[in-house]
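Student: Here's a structure for you.
The values are calculated or read from the model by the stated rules, or taken from the named source; none is laboratory data. None of these values were measured; they are calculated from a predicted model. Methodologically, a virtual Cβ is constructed for each residue, glycine included, from the backbone with ideal geometry; neighbour enumeration extends over all protein chains shown.
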Amino acid sequence: MRHWQIPAIAPILRANQRCELDDLRGRVTKDGIRIYEDADFAGMRAAGQIAAQILDDVGPLVVAGVTTAALDDFIRNEVARVGVVSATIGYRGYQHASCISVNHVVCHGIPGSKVPGRSSDMIQEGDILNIDVTVIVDGWFGDSSRMYTAGNVKPFAQRLIKVTHECLMRGIAAVKPGNTFGDIGFAIQSFAEENRCSVVRDFCGHGLGRVFHAPPNVLHYGRAGTGPVLEEGMFFTIEPMINLGRPETKVLADEWTAITRDKSLSAQFEHSIGVTATGCEIFTTSPKGLFFS
Ligand code: MF3
Ligand code: CO
Ligand code: CO
């Protein structure tokens, strides 16, 4: 069965394409999940490494007093300097090279907009923030996000970041052919809840590759053994958003910024991965080993 995103005529794929059209090569599972070929891993690795390098390089700029607009300017300039394309600029009207989500912002925080509850976009001592970057390199999408801290942060905030990173890594550890997407969600949810945190339900990971967002929806909660079966050659993100309080979210009037309804702190880490014969390859590992510290 072909999934709905595949057009009748294969489009010419351009490096800067921002549409959600997929091409017609290869196989798509009954759940609409594309199976990529061995040679495609190299393209994803190249894209993932550039996203990861940019996330490495922005780190030293994250200090109290910097604005999210300045952080996004740096990322936009790095994307241009390296000679790749931002996947987010122009995506559904979005105008920025990153999403920057501070404290109780769950995801899709808009650089340069006021931090919710404040009068400016300035980062303050004690803030925790997620920076999410997606680049297109030779037509391949690399999507990753990490947490950063400004100065000394409260122990409960540091704990949330640690739990969230562990959620991602436990989700990744569940990835191998024959396991299911439900196994990934179960691994994440059970660890989060054992640690008195909650899993956001309103946003999920996604297939990607030659497109930004493709099937399946990668849920960060669920039951073991349910959902589509993982196969070698599937490319997708895992990007759990974990809250200290309740899981419900609310999108602000800007139609992007998602916050926790109860204003509790939220954290997120994201990797782009590909399923291999024995497990998975993480495309967005940090060149400098800075993904989580
Ligand atoms: N990078 C985000 C993700 O993980 C998507 C951002 S879309 C944007 O899927 F338009 F908000 F940038
Ligand atoms: Co993503
Ligand atoms: Co992302």
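Student: Identify, please: which residue in region 255-280 is touching a Leu at 6+ places or on another chain (Cβ under 8 Å) and within 16 Å of ligand 2 (Cβ to nearest atom) and is, among those, farthest from Leu129 (Cα to Cα)?
Tutor: Step one: list which residues in region 255-280 are touching a Leu at 6+ places or on another chain (Cβ under 8 Å), which gives 258-259, 264-267, 269-272, 275.
Within this subset, residues satisfying the condition of being within 16 Å of ligand 2 (Cβ to nearest atom) are 258, 266-267, 269-272.
Values: Ala258: 13, Ser266: 9, Ala267: 7, Phe269: 11, Glu270: 13, His271: 16, Ser272: 20 Å.
The residue in question is Ser272.
Student: Select from region 61-87 the residues that are surrounded by fewer than 17 Cβ atoms within 10 Å (Cβ to Cβ) and over 20 Å from Gly109 (Cα atoms) and list them in ascending order.
Tutor: Ala80, Arg81, Val82, Gly83
Student: A further question on this structure: Go through Glu194, Glu239 for me and flag whichever is of a type in the set (Asp, Glu) and either surrounded by fewer than 24 Cβ atoms within 10 Å (Cβ to Cβ) or more than 13 Å from the chain's Cα centre (by Cα) (or both).
Tutor: Values: Glu239 fails: either surrounded by fewer than 24 Cβ atoms within 10 Å (Cβ to Cβ) or more than 13 Å from the chain's Cα centre (by Cα) (or both).
Glu194 is the lone residue from the list that is of a type in the set (Asp, Glu) and either surrounded by fewer than 24 Cβ atoms within 10 Å (Cβ to Cβ) or more than 13 Å from the chain's Cα centre (by Cα) (or both).
Student: Can you tell me how many residues within region 137-148 are within 10 Å of Gly43 (Cα to Cα) and either more than 13 Å from ligand 2 (Cβ to nearest atom) or under 8 Å from the mean Cα position of the chain (by Cα) (or both)? Spell out how you get there, then give the answer.
Tutor: In the first step, residues of region 137-148 are kept if they are within 10 Å of Gly43 (Cα to Cα); the result is 137-142.
Still in the running and either more than 13 Å from ligand 2 (Cβ to nearest atom) or under 8 Å from the mean Cα position of the chain (by Cα) (or both): 137-140.
Looking only at that region, the number is 4.
Student: Going through region 21-40 one residue at a time, which ones are surrounded by 18 or more Cβ atoms within 10 Å (Cβ to Cβ) and of a type outside the set (Ser, Thr, Tyr)?
Tutor: Asp22, Val28, Gly32, Ile33, Arg34, Asp40
Student: Turning to a different aspect of this structure: Cβ contacts < 9 Å: first residue more than 20 Å from Ala173 (Cβ to Cβ) and in a strand (DSSP E or B), restricted to region 211-224; second residue hydroxyl-bearing (Ser, Thr, Tyr) and more than 16 Å from ligand 3 (Cβ to nearest atom), any location; separation 6+ or different chain. Result?
Tutor: Pro215/Thr29
Student: So which pairs qualify, if the first residue must be in region 140-167 and under 22 Å from Phe212 (Cβ atoms), the second must be among the charged types (D, E, K, R) and within 15 Å of ligand 3 (Cβ to nearest atom), the Cβ gap must be under 6 Å, and the two must be at least 6 apart or on different chains?
Tutor: Listed by first residue and then by second, the contacts come to Ser144/Glu270; Ser145/Asp132; Ser145/Glu270.
Student: So, one more: Name the pairs whose Cβ atoms lie under 8 Å apart, with the first residue in region 97-110 and within 15 Å of Arg146 (Cβ to Cβ) and touching a residue at least 24 places away in the same chain (Cβ under 8 Å), the second near ligand 1 (Cβ under 9 Å from one of its atoms) and charged (D, E, K, R), and 6 or more positions between them or separate chains?
Tutor: As it stands, the answer is Ser98/Asp132; Cys99/Asp132; Ile100/Asp132; Ser101/Asp132; Cys107/Asp132, since those pairs meet every condition given.
So that you can scan it fast, the table gives a plain yes or no per residue for (1) in contact with a strand residue (DSSP E or B) (Cβ under 7 Å, 6 or more places away or on another chain); (2) within 16 Å of ligand 3 (Cβ to nearest atom):
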| residue | (1), (2) |
| --- | --- |
| Leu61 | no, no |
| Phe74 | no, no |
| Asn77 | no, no |
| Val85 | yes, yes |
| Ile89 | no, yes |
| Ser98 | yes, yes |
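Student: Residue pairs, Cβ under 7 Å, 6 or more apart or interchain, first in region 194-210 and closer than 20 Å to Glu281 by Cα and away from ligand 2 (no atom under 13 Å from the Cβ), second modelled with pLDDT under 95 and acidic (Asp, Glu). List them.
Tutor: Filtered contacts from region 194-210: Arg210/Asp22; Arg210/Asp23.
Student: Spot the failing condition for Ile100; the list is (1) surrounded by fewer than 22 Cβ atoms within 10 Å (Cβ to Cβ); (2) at pLDDT 95 or above, and only one is missed.
Tutor: It is condition (1) that Ile100 fails.
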